[in-house]
1. Determine, for each peptide in 42-49, 79-86, the mean count of other beta carbons within 10 angstrom over its residues, then list the peptides with the highest first.
2. What whole-number value in Å² describes the accessible area per residue of region 53-178 for a 1.4 Å probe?
3. Which of the following values of Kirkwood radius over Cα pairs in Å was calculated from the structure shown: [x] 27.3; [y] 17.8; [z] 16.6?
4. So, by mean Cβ neighbours within 10 angstrom, what's the order for 109-122, 165-178 with the highest one leading?
5. Run the dipole for the chain about the Cα centre, Lys and Arg Cβ at +1, Asp and Glu Cβ at -1, nothing else charged, and hand back the magnitude in debye, nearest 20.
6. Taking 0.36 nm per residue of sequence separation and subtracting the Cα-Cα distance, how much length would be gained by fully extending the chain between residue 116 and residue 169, in nm to one decimal?
7. Along the charge dipole of the chain, Cβ charges K/R +1 and D/E -1, which of 84, 104, 94 sits furthest on the positive end?
8. As I understand it, the dipole of region 5-98 uses +1 on the Cβ of Lys and Arg and -1 on the Cβ of Asp and Glu, about the Cα centre. Which of 9, 46, 62 lies farthest toward its positive end?
Amino acid sequence: GLKKLNLDNNKIVALPDAIGDLKELTDLNVAGNQLTALPDTLGALTGLTELWAHNNKLTTLSDSIAALTQMKTLHLDNNKFATLPKPIVKLTSLRTLQLKGNQLVTLPDSIAALTALEKLNLPFNQLVTLPDTIAALTALKTLSLSNNPLAKPQSSAVEAWLSALRAGSCTVRMPVRW
């Protein structure tokens with residue numbers, strides 16, 4: 001069966017529900033289209049490890065995404081997310097989460113569930129504060145928070161976490177005025 005499907009840059013406005021029938025799919029690229037939503041049937045692709053959906057017009061993700069427990073890489077840069085879609089925190093195998101250039105104002109406490117994350121890319125959002133629970137993300141190798149209006153200082157828990165990341169092998173990119 002089909003393992004990889006690349007539909008990037010095709011001016012697609014909606015994916016057919018039948019995409020959920022591609023049960024052996026591991027890698028789906030729908031980047032650079034005009035998608036405002038992904039079909040609920042995407043949750044049936046339980047073997048999916050990579051989803052590239054950047055450069056679209058997504059504002060939310062279906063709860064069915066939570067079923068994609070094998071997901072390692074999720075690219076959602078340059079969409080219209082104002083909040084972190086709730087199903088993302090169920091993807092506990094996630095290693096890379098890309099959300100550059102959205103409209104995120106805050107991150108939920110539940111982000112602490114993503115303890116396998118190695119790359120968290122959040123530049124060009126509207127983040128002012130980070131939740132104390134983000135300190136659970138200790139496996140990070142790359143953290144980018146540049147071009148956010150982050151207040152300084154953050155809470156003592158967040159400041160201690162940032163210091164520990166910097167002291168380890170994590171590349172940390174903060175706003176210029178930091």
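The values are calculated or read from the model by the stated rules, or taken from the named source; none is laboratory data. As the structure is a computational prediction, the values presented were derived from the model and not from experiment. Quick reminder, even Gly has a Cβ in these numbers, built from the backbone with ideal geometry, and neighbours come from all protein chains shown. Side chains included, ligands, DNA and RNA excluded: accessible areas come from the protein's heavy atoms. Shrake-Rupley method; radii C 1.70, N 1.55, O 1.52, S 1.80 Å.
1. Descending packing order for the listed peptides: 42-49, 79-86.
2. Heavy-atom SASA per residue in region 53-178 reads 43 Å².
3. Among [x] 27.3; [y] 17.8; [z] 16.6, the one calculated here is [z].
4. Sorting 109-122, 165-178 by mean packing, highest first, produces 109-122, 165-178.
5. 520 debye
6. 17.6 nm
7. It is 104.
8. Most positive-ward Cα: 62.
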